[in-house]
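Report on the structure given below.
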Amino acid sequence: MKTDITHTNERFSELSESSEFLNLILNNISSCIMLLDKDLKLRAYNDPLLSIFSNKKNENLLYRKCGEVIGCAYQIEEQELCGNTSMCRTCELRISALNSYASNEAVFNEKITKPFFNFEGVKVDKHLQFSTRLFPYQKEKYIIMILEDITELVCIKEKMNHLSENHA
């Protein structure tokens with residue numbers, strides 16, 4: 001592999017020998033990438049998860065369920081485990097992840113709005129875009145979930161719509 005990547009025009013498959021390079025890419029993507037097991041417990045993640053969704057600083061996230069990791073307001077308010085709250089049956093993230101696992105159904109760029117608790121313990125609605133897909137690896141099955149916080153984008157769009165309605 002050449003070391004001057006910026007001038008080589010190489011494909012990622014040709015760089016797969018370099019785990020350091022692939023880790024750098026994963027941790028510099030602005031989306032949260034989570035690897036979940038069949039119980040929706042976190043098995044691996046990239047760095048943006050810690051700054052965008054985790055509601056407690058310096059907490060150990062591995063082997064915790066998805067809703068607990070991302071600060072789901074229902075899980076925190078009801079003091080129930082993720083999967084046992086009154087809203088889990090209708091949670092789009094949960095349903096999509098389980099469908100991807102059980103039926104190999106890929107979900108791409110779905111949008112939802114859900115309440116979360118942030119680092120300061122304040123409940124906030126976040127607009128999310130998410131994708132899920134089955135990820136078989138070494139005779140095991142996992143779910144890759146990609147989460148993007150698009151709250152700022154949605155708010156700007158709503159303001160623009162409001163302004164255009166007022167000027168019409």
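The values are calculated or read from the model by the stated rules, or taken from the named source; none is laboratory data. Just so we're clear, the structure is a prediction, and the values are computed from it rather than from any experiment. Methodologically, a virtual Cβ is constructed for each residue, glycine included, from the backbone with ideal geometry; neighbour enumeration extends over all protein chains shown. These area figures cover heavy atoms from the full protein model, side chains too; ligands, DNA and RNA do not enter into them. Shrake-Rupley method; radii C 1.70, N 1.55, O 1.52, S 1.80 Å.
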**Report entry** Solvent-accessible area per residue for segment 34-166 (1.4 angstrom probe, square angstrom)
**Finding:** 60 Å²
Report summary line: One finds the C-alpha centres of segment 117-131 and segment 58-101 to be spaced, in Å, by 13 Å
Report summary line: Carbon and sulfur atoms account, in whole percent of the 1.4 Å probe accessible area of segment 34-166, for 50 percent
Report summary line: With 0.36 nm assigned to each residue of separation and the Cα-Cα distance removed, residue 63 to residue 159 gains 30.6 nm
Query raised in the report: For segment 77-168, what is the largest minus smallest coordinate of the Cα atoms on each principal axis, given in angstrom and ordered from greatest to least?
Result: 58, 31, 23
Requested in this report: Mind ranking 161-167, 70-76, 144-150, 43-49 by how tightly packed they are, going by the mean number of other C-beta atoms within 10 angstrom, highest first?
Outcome: 70-76, 144-150, 43-49, 161-167
Report task. Quick one: grab Rg to one decimal and Dmax as a whole number for the chain, Cα atoms only, in Å. Result -> 18.2, 59
Query raised in the report: Taking amide hydrogens as modeled 1.01 Å from N in the peptide plane, which residues meet the under 5 Å criterion relative to residue 135, leaving out close sequence neighbours?
Result: 142, 143, 144
